[in-house]
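**Q** Before anything else, here's the structure in question.
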Protein chains: 2
Amino acid sequence: MEVNKGKGEPGLQNPAKQMDKPVHLHAVESMLPKAVKRRVHALKRLQVQCGNIEAKFYEEVHELERKYAALYRPFYDKRRDFITGTVEPTDAECEWNSDKDEEEELSEQIKKKIVIDPAKKEDATPMEDPKGIPDFWLTIFRNADMLTDMIQEHDEPILKHLKDIQVKFSEPGQPMVSIDTLNEKVNPKYDSKSSHLVLLFQSFTLEFHFEPNSYFNNAVLTKVYKMKSEPDSSEPFSFEGPEIVDCGGCVIDWHKGKDVTVKTIKKKQKHKGRGTVRTVTKQVSNPSFFNFFNPVKAPPDGGEMDEDSELAFDFEIGHFFRERIIPRAVLYFTGEAMEDDESEQDEEEDEDDDDDDDEEGDFDPRA
Amino acid sequence: MEVNKGKGEPGLQNPAKQMDKPVHLHAVESMLPKAVKRRVHALKRLQVQCGNIEAKFYEEVHELERKYAALYRPFYDKRRDFITGTVEPTDAECEWNSDKDEEEELSEQIKKKIVIDPAKKEDATPMEDPKGIPDFWLTIFRNADMLTDMIQEHDEPILKHLKDIQVKFSEPGQPMVSIDTLNEKVNPKYDSKSSHLVLLFQSFTLEFHFEPNSYFNNAVLTKVYKMKSEPDSSEPFSFEGPEIVDCGGCVIDWHKGKDVTVKTIKKKQKHKGRGTVRTVTKQVSNPSFFNFFNPVKAPPDGGEMDEDSELAFDFEIGHFFRERIIPRAVLYFTGEAMEDDESEQDEEEDEDDDDDDDEEGDFDPRA
């Protein structure tokens with residue numbers, strides 16, 4: 001289709017055309033005849049009212065999500081039981097029409113690959129009767145691009161103990177944090193004319209359930225995401241539905257020497273005058289998935305957040321667990337979920353391992 | 001964060017690690033011990049059941065959308081009346097706390113710009129008392145990047161007569177088209193074991209309301225979008241919520257010589273043998289926004305659609321009208337809606353006009 005921006009035509013009444021976009025877009029209003037500007041203001045008032053209705057809509061959607069979470073629950077519980085091996089599915093529960101041909105063909109391809117590399121042969125002969133589905137969640141962490149970048153080698157043995165990931169939604173009409181705290185966080189400039197003096201917050205909590213393990217005492221690690229689900233009276237038009245605005249983690253009760261989120265480094269310091277060298281030991285933070293439970297704080301003024309910031313990435317991860325991983329776990333395990341993911345197909349993952357970039361000496365928490 | 005794909009570590013049981021992604025992802029399943037594969041199949045069955053629950057969720061969301069459409073209606077009707085000038089808003093309805101300083105400052109900037117170019121001075125002095133908000137929808141078409149590329153110079157005088165754009169949702173539990181037609185379109189391979197033999201379709205209709213004009217007789221031009229809102233039993237895992245699968249336009253009853261979607265071109269043909277030249281006249285399709293009401297047909301087999309295809313773009317436009325333009329029209333008029341649009345900020349729109357690319361001679365339907 002042709003592109004016709006309609007520029008440079010004289011005699012048209014629309015002032016928007018006479019300005020460079022986007023800097024002066026606001027000026028459209030100031031260019032309008034007074035009577036027209038007045039009507040545009042009337043439209044803006046209607047827009048604010050529609051925004052408040054929209055907030056109610058999202059409130060009802062959240063209610064629906066709570067309702068459906070309860071409907072999914074028995075299926076997710078069954079899934080957990082099959083994964084952990086607590087319950088063995090019946091034959092009827094396992095009936096599945098795989099595309100046999102495709103499966104066998106792929107199987108042949110794999111067998112060929114394995115024969116080529118005899119060193120791997122041992123791995124290719126798995127245990128014939130393991131309990132449940134071993135490494136179910138760990139495999140998902142490895143498969144899903146968004147998560148694989150978060151996990152380190154030292155996280156893997158811990159994630160083998162992950163039994164289930166669940167999402168819980170906040171109770172209806174009951175903000176998870178006190179209004180005072182919220183007011184501070186979002187900093188709404190309350191308009192005395194606005195009928196919406198109480199901001200509605202929704203939240204969801206991700207629960208990571210672990211079986212008893214030698215790393216920490218917690219049975220469940222939690223991460224809560226708070227969402228603003230109502231227009232801000234200071235910026236009524238920026239509302240586009242619930243938006244994650246803050247998150248909170250939990251304290252992990254690590255067993256002694258098992259905390260993978262810290263490491264002890266030794267640093268050599270040279271005395272400038274004397275030229276002598278001494279070694280200093282200090283604890284520094286260590287890359288690990290478990291830093292997910294100790295997130296950075298959201299800017300307290302509710303101000304603009306850098307889209308590339310660590311926090312923005314954290315919000316994305318939270319959303320990804322809630323919307324993709326939890327509802328479609330088995331498809332991330334088998335890889336079927338990733339086939340739609342374009343970025344997976346474009347990127348060749350041939351980069352060399354670069355997990356050895358700490359050259360100052362390191363501490364293995366598994367030791 | 002460090003990237004650790006966990007490659008090349010021996011002794012781990014997870015077969016996914018031994019394969020190249022993504023080609024062999026499916027093979028994860030075939031590599032699993034029989035007992036584990038059985039449990040994965042049980043998980044897949046649960047996944048299908050959850051997909052069916054999810055479809056019910058989207059059905060309820062659609063219901064909510066219908067309910068809220070009715071709540072927005074009186075506000076949208078008021079908007080239309082203020083735009084067309086049928087109703088004049090009261091002073092109370094126009095009260096708006098603009099950021100005066102910003103507005104005045106911008107206004108100054110604009111005035112300066114205009115003084116620089118005296119040729120434009122005339123345009124900068126608009127009529128002092130026009131009816132309603134002139135060129136409201138046309139301005140939106142010009143402002144919104146996604147629409148501006150669709151409109152041609154010859155569309156603009158027609159779009160001046162646009163009074164309102166509305167969205168209507170399909171009735172509950174009542175597919176808009178007959179099941180037979182639907183079956184043909186989506187080609188579901190009905191699984192006799194599936195309890196979902198009837199595919200649920202939802203639809204929404206965009207209505208473009210025009211005031212009486214000299215171009216066509218229709219008072220309303222319509223475009224209907226059909227959505228598939230249930231998993232396909234042949235591909236149960238591909239369901240991600242309602243998806244536009246087809247659309248249909250309407251016949252525009254153009255006044256004689258006013259149809260901007262066609263043009264008459266004259267072509268010179270040279271006789272190869274004799275070297276004589278003759279001129280042939282033929283009607284060909286002409287770029288115009290009004291081609292939107294005569295969309296290409298969706299592939300009848302319900303097969304894969306190219307994401308860059310004309311149809312995919314059409315679906316995007318339909319979605320854009322429904323989700324952005326209709327609910328936020330005034331913000332597209334003033335330009336406020338585009339300030340969040342990143343692509344707007346990145347692109348400098350300095351390209352020269354290129355609407356004269358038909359060199360074979362053309363026909364002006366406005367003449």
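**Q** Among (1) within 7 Å of another protein chain (Cβ to nearest Cβ); (2) modelled with pLDDT of 50 or more; (3) open to solvent by less than 60 Å² (accessible area, probe 1.4 Å); (4) in contact with a helix residue (DSSP H, G or I) (Cβ under 6 Å, 6 or more places away or on another chain), where does B:Arg38 come up short?
**A** (3)
**Q** Tell me the residue from A:Ile252, A:Ile265 that is farther than 15 Å from A:Phe321 by Cβ, assigned to a loop (DSSP other than H, G, I, E, B) and among the aliphatic types (A, V, I, L, M), please.
**A** A:Ile252
**Q** Could you list, in sequence order, all residues of the stretch B:236-254 that are of a type in the set (D, E, K, R) and under 30 Å from A:Arg328 (Cβ atoms)?
**A** B:Glu240, B:Glu243, B:Asp246
**Q** Which one is surrounded by the fewest Cβ atoms within 10 Å (Cβ to Cβ) among residues in the stretch A:306-330 that are over 13 Å from the mean Cα position of the chain (by Cα) and at pLDDT 95 or above?
**A** Residue satisfying both the conditions and the ranking: A:Pro327.
**Q** Which number in (1) modelled with pLDDT of 85 or more; (2) touching a helix residue (DSSP H, G or I) at 6+ places or on another chain (Cβ under 8 Å); (3) open to solvent by 40 Å² or more (accessible area, probe 1.4 Å) marks the one condition that B:Leu200 misses?
**A** (1)
**Q** Another question, if that's okay. For residues that are part of a loop (DSSP other than H, G, I, E, B) and out of contact with any His (no Cβ under 9 Å at 6 or more places or on another chain), tally how many sit in the stretch A:67-98.
**A** 6
**Q** Something else about it: Based on what the data block shows, is A:Asn52 assigned to a helix (DSSP H, G or I), modelled with pLDDT under 95 and either more than 7 Å from chain B (Cβ to nearest Cβ) or out of contact with any strand residue (DSSP E or B) (no Cβ under 8 Å at 6 or more places or on another chain) (or both)?
**A** yes
**Q** Let me ask something additional. Among the residues of the stretch A:262-299, which ones are in contact (Cβ under 8 Å) with a residue 60 or more places away in the chain and open to solvent by 100 Å² or more (accessible area, probe 1.4 Å)?
**A** Listed by number, the list holds a single entry, A:Lys266.
**Q** What are the residues in the stretch A:214-252 that are open to solvent by 40 Å² or more (accessible area, probe 1.4 Å), away from every other protein chain (no Cβ under 14 Å) and touching an Asp or Glu at 6+ places or on another chain (Cβ under 8 Å), if any?
**A** A:Asn217, A:Val220, A:Thr222, listed by residue number.
**Q** Moving on. Within the stretch B:235-249, how many residues turn out to be without any contact (Cβ under 8 Å) to a residue 60 or more places away in the chain and either over 27 Å from B:Leu311 (Cβ atoms) or assigned to a helix (DSSP H, G or I) (or both)?
**A** Residues that pass the stated criteria total 1.
**Q** Kindly indicate whether any position in the stretch B:162-180 is hydroxyl-bearing (Ser, Thr, Tyr), under 32 Å from the mean Cα position of the chain (by Cα) and at pLDDT 90 or above.
**A** no
**Q** Right, something else. Tally the residues that are acidic (Asp, Glu) and closer than 30 Å to A:His209 by Cβ, restricting the search to the stretch A:235-283.
**A** Residues in the stretch A:235-283 being acidic (Asp, Glu) and closer than 30 Å to A:His209 by Cβ: 4 in total.
**Q** What single numbered condition from (1) farther than 24 Å from B:Tyr68 by Cα; (2) surrounded by fewer than 20 Cβ atoms within 10 Å (Cβ to Cβ); (3) touching a Ser or Thr at 6+ places or on another chain (Cβ under 8 Å); (4) at pLDDT below 95 fails to hold for B:His255?
**A** For B:His255, the failing item is (4).
**Q** Can I ask one more? Only one of these conditions is not met by A:Ile114: (1) open to solvent by less than 40 Å² (accessible area, probe 1.4 Å); (2) at the interface with chain B (Cβ under 8 Å from one of its Cβ atoms); (3) outside any helix (DSSP H, G or I); (4) at pLDDT below 90. Which number is it?
**A** Just one mismatch for A:Ile114, condition (3).
**Q** Right, next: Check off (1) surrounded by fewer than 19 Cβ atoms within 10 Å (Cβ to Cβ); (2) of a type in the set (S, T, N, Q); (3) at pLDDT 95 or above for B:Gln47 and give me the number that stays unchecked.
**A** (1)
The values are calculated or read from the model by the stated rules, or taken from the named source; none is laboratory data. Since the structure is predicted, the reported quantities are computational estimates derived from the model, not experimental observations. Cβ coordinates were reconstructed from backbone atoms using ideal geometry, including for glycine residues, and neighbour counts include every protein chain displayed. Calculation scope for accessible area: heavy atoms of the full protein, side chains included, ligands and nucleic acids excluded. Shrake-Rupley method; radii C 1.70, N 1.55, O 1.52, S 1.80 Å.
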